[in-house]
Amino acid sequence: QVQLVESGGGLVQPGGSLSLSCTASGSIFRVVAMGWYRQAPGKERELVASINAGGGTDYADSVKGRFTISKSNGLNTVHLQMNSLKPDDTAVYYCNWRGYIDVGHWDDYWGQGAQVTVSS
């Protein structure tokens, strides 16, 4: 299996910044994409940003221009730099991994979640 370890999160005032990181380890054959999802109380989990092995990125419209996803160590580690944070960004943020555990075996793994709270 693949293990994802997240770091970051916390409490920040509106307009402030936070950074999240996620590192994957374990039985990885080929990673296809990693990303960040978030879930606020009473709402469905939604994609925030993703990045594929070639460096292509995708962002939710609500965070474009404010959040930046990046990768290091190939696609073993991803980062999410969050700037100009708003109260609506308050949620639990989950790291996501998608790829192949071995030849022909596709799977999807999640990190433990990190609480991000934006409040004055």
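Details
- Probing with 1.4 Å while keeping every protein chain in the model, the per residue accessible area of the stretch 7-61 equals 53 Å².
- Expressed as a whole percent, the accessible surface of the chain that belongs to carbon and sulfur atoms is 46, based on a 1.4 Å probe.
- For residue 85, the amide hydrogen comes within under 5 Å of the amide hydrogens of 15, 16, counting only partners 5 or more places away or on other chains and with H modelled in the peptide plane.
- Of the chymotrypsin sites (Phe, Trp or Tyr not before Pro) in the stretch 1-73, those whose Cβ has at most 14 other Cβ within 10 Å and which sit in DSSP loop: 29
- Cleavage-rule hits (trypsin sites (Lys or Arg not before Pro)) in the stretch 55-86: DSSP loop, at most 16 neighbouring Cβ within 10 angstrom: 64, 66
- Restriction of the GluC sites (Glu not before Pro) in the stretch 1-63 to DSSP coil positions whose beta-carbon has at most 12 other beta-carbons within 10 angstrom yields 44.
- Proximity of backbone amide H atoms, modeled 1.01 Å from N, is registered between residue 33 and 98 at under 5 Å, excluding neighbours fewer than 5 places apart on the same chain.
- Global dimensions of the chain from alpha-carbon coordinates: Rg and Dmax equal 14.1, 49 Å.
- Antiparallel bridges, percent of DSSP beta bridges restricted to the chain (to nearest 5): 95
The values are calculated or read from the model by the stated rules, or taken from the named source; none is laboratory data. Just so you know, these numbers come straight off a predicted model, no measurement behind them. Counting neighbours? That spans all protein chains shown, and the Cβs are built from the backbone with ideal geometry, glycine included. What goes into the accessible areas is simple: the full protein's heavy atoms, side chains included, and nothing from ligands, DNA or RNA. Shrake-Rupley method; radii C 1.70, N 1.55, O 1.52, S 1.80 Å.
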